[in-house]
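Visitor: My questions all concern the structure below.
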Amino acid sequence: TPLSPKEPAADNKVKLDPDELYPPVKVRGTTFRILTRGLQITTKGSCFKRGTQSLLPWDGLHKCDLQFGCFSGTLILQPRTGEPHILSGRIAMLREVANVIYQQMNMGHCGKIEPEIVRKLGKSPKVTILGNGLVVKKKIGCCSGVAAFVPWGSVVFAEVAQGWCSGAITLKTMIHQDDVAPPDKKGAQPVAPAADSKTNADASTKALAVPDPTHHEGPQFVSVTIPGKKEALQEVFGLIVKLMCSQSEDAEVEDAPKIPKTTMTKAGIKVKTRSKEQFLPWRSISSVEWSKPAIGSATLMLTDRIGDEMGLRGCGLDEYNAFKALYARLGGEDDSGGHQAIVRKNCRIAWDGVSVPHKSLCSYKYSFYPWSEIDACEMEVTCFGGSLVLVTETGERFVVCTSRFSQRTLFEAMEKIRYMKYHGAASPDTTTARFFAGEKDTPNVCVLTDVSLRIAAKTGRYSHIVCYLDLQQVRGIGHTRAGGSCCKHTYLLVYVNRLMGAAVNIDNILAKDSSLRKPEADERVLMVKLRKGDDAKSIAQDIMTRSMARKQSESSRFN
């Protein structure tokens, strides 16, 4: 198909460096070099302007879209922060460049494709299944359109629904609608097709569903629907499940709890009914809740990373406890190492995660959050006491410890949480710890380790706030100078997830301490005022390097 990326030619005459993945591409005075560590962008200088050279790490690339025509096209590379980079040229060359970039965007993970199964979808599908992800395509004219890449790591849920002779596969992703469904010429979002519209069974894929623009209940994510014949969809669904699991085994777990219509494998959870089959990988589960109403059977509710829920009915309390231990083991959590759990404000803090109880008059339930879903720990210290709050990547806050007249319990709980989550790697006593924005062993110093970033801010004469941020949530790093004409200060800009950044209170404290204006973007920026002797460029590079290593390490735990 004209949208399917091709493999780079094996007989390429250009000799590549060991660090290069593709020959350099020159576009209007700008040279793009695709390297193993990122995209190197070099602009040519002139008599009045100096040339620049920058490196965009693969983890800092937000999306890669291909807009194509009959013979030429445009490849749009959108970083997480900053202006997009545009490559124009022949469509054949852009396909090869896009294919190389797709593999790097998926952290190098690539599964095995079975062509005979993929062909059963049809001759010209609007979704191309690759070993490292999906290419979602949308036609905008006679011979033009746009294509967007969705890595398998961003697919959080898969479902196949079957009728008498046909059915459809539904894939839910973590890609925002705005990243795939661009506005039309007038700037308005396209309208979603009617829910009861009939679809030809021979058609390969429906158009992407676009939400009602009047609906504002949080971010909307791309959902891909692939219709087809009943016999072909079951084989394609099995292939998609294998690709989503990457290197994880699909064998059943022997000690899994017995829940009706549910099968638990080392890769994820399968729920099969008479008309449909669902698959939810372990890595996609964000939280676990168990509820027992006064009338009716107990339900185990699983919430994925985009906020959708899947209920498993007929799960007792013993099965819930067994499932929680299994989830902590297969979800990537390590062994306890002999450290006992603690209970603070009815929250149980253990090696596998945090359990938060919710009780009402006639029912009760437990919410379990593994450490992989808790990305920030914030402690507000006042003159006599304070509070300790945990924040998830979706922006949910819950208090685990409060104290009015003693700070000892706060620091004790903070040390326990820090060790349970990072297993000692976040300690400032490590040899690789780096201190900036303050003197060592002072309350307002910022500390960078291999797994976390400690940011502190003063809130009063005898009070301050401290936030431990997981380096997985660092989307980008920058630095700038701002202030008056006579006295300017250097600020370190830490870009984090928008939902989580809005949930922490230190964001507002840091904003009051600077004259910078927050940018309107998907990310939230934390501004840290540096000291006179701090090297802002070196600190920014160090944070980005450790953040990429942290994300690569955590990604390998699920594959």
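The values are calculated or read from the model by the stated rules, or taken from the named source; none is laboratory data. Small disclaimer: the values here were computed from a predicted structure and weren't measured. Positions of Cβ are backbone-derived with ideal geometry, glycine not excepted, and every protein chain shown enters the neighbour counts. Protein only, heavy atoms only, side chains kept; ligands, DNA and RNA dropped before computing areas. Shrake-Rupley method; radii C 1.70, N 1.55, O 1.52, S 1.80 Å.
Visitor: Within the set Lys272/Lys324; Lys266/Lys421; Lys120/Lys261; Lys488/Lys532, which residue pairs have Cα atoms separated by over 18 Å?
Guide: Beyond 18 Å: Lys272/Lys324; Lys266/Lys421; Lys120/Lys261.
Visitor: Continuing with this model, one more query. Ordering Lys172, Lys440 by accessible area with a probe of 1.4 Å, largest first, what comes out?
Guide: Reading off the accessible areas and sorting them downward yields Lys440, Lys172.
Visitor: Averaging sequence separations of C-alpha pairs under 8 Å and six or more residues apart, then dividing by the length of the stretch 262-309, give the relative contact order as a whole percent.
Guide: With pairs under 8 Å counted, the relative contact order is 24 percent.
Visitor: Now, a different point. Select from the stretch 244-334 those chymotrypsin sites (Phe, Trp or Tyr not before Pro) which occupy a DSSP coil region and have at most 15 other Cβ atoms within 10 Å, ordered by residue number.
Guide: Working: sites: Phe279, Trp282, Trp290, Tyr320, Phe323, Tyr327; in loops: none.
Within the stretch 244-334, no chymotrypsin sites (Phe, Trp or Tyr not before Pro) qualify (loop, at most 15 other Cβ atoms within 10 Å).
Visitor: Further, regarding this structure: Got a number for the accessible area of Ser538? Probe 1.4 Å, square angstrom, nearest 10.
Guide: Ser538 exposes around 40 Å² with every protein chain in place.
Visitor: Order the following by accessible area, largest value first: Thr392, Thr431. Probe radius 1.4 Å; ligands, DNA and RNA are ignored.
Guide: Details: Thr392 5, Thr431 140 Å².
Descending accessible area places them as Thr431, Thr392.
Visitor: In percent, what relative contact order does the stretch 389-465 have, based on Cα pairs under 8 Å that are 6 or more apart in sequence?
Guide: Relative contact order comes out at 15 percent.
Visitor: Moving to a separate point now. Counting other Cβ atoms within 10 Å of each Cβ, which chymotrypsin sites (Phe, Trp or Tyr not before Pro) in the stretch 460-501 have at most 14 and sit in a DSSP loop?
Guide: Sites meeting the loop and neighbour criteria: Tyr462.
Visitor: In terms of solvent-accessible area of protein heavy atoms at a 1.4 angstrom probe, what is the ranking of Thr262, Thr459, highest value first? Can you show the working numbers first?
Guide: Numbers: Thr262 25, Thr459 70 Å².
Output order, biggest surface exposure first: Thr459, Thr262.
Visitor: Could you list the GluC sites (Glu not before Pro) in the stretch 240-310 that lie in coil according to DSSP, counting only those with at most 12 other Cβ atoms within 10 Å of their Cβ? Provide the component values of the computation, followed by the final result.
Guide: Details: sites: Glu249, Glu252, Glu254, Glu277, Glu289, Glu309; in loops: Glu249, Glu254.
Within the stretch 240-310, the qualifying GluC sites (Glu not before Pro) (loop, at most 12 other Cβ atoms within 10 Å) are Glu249, Glu254.
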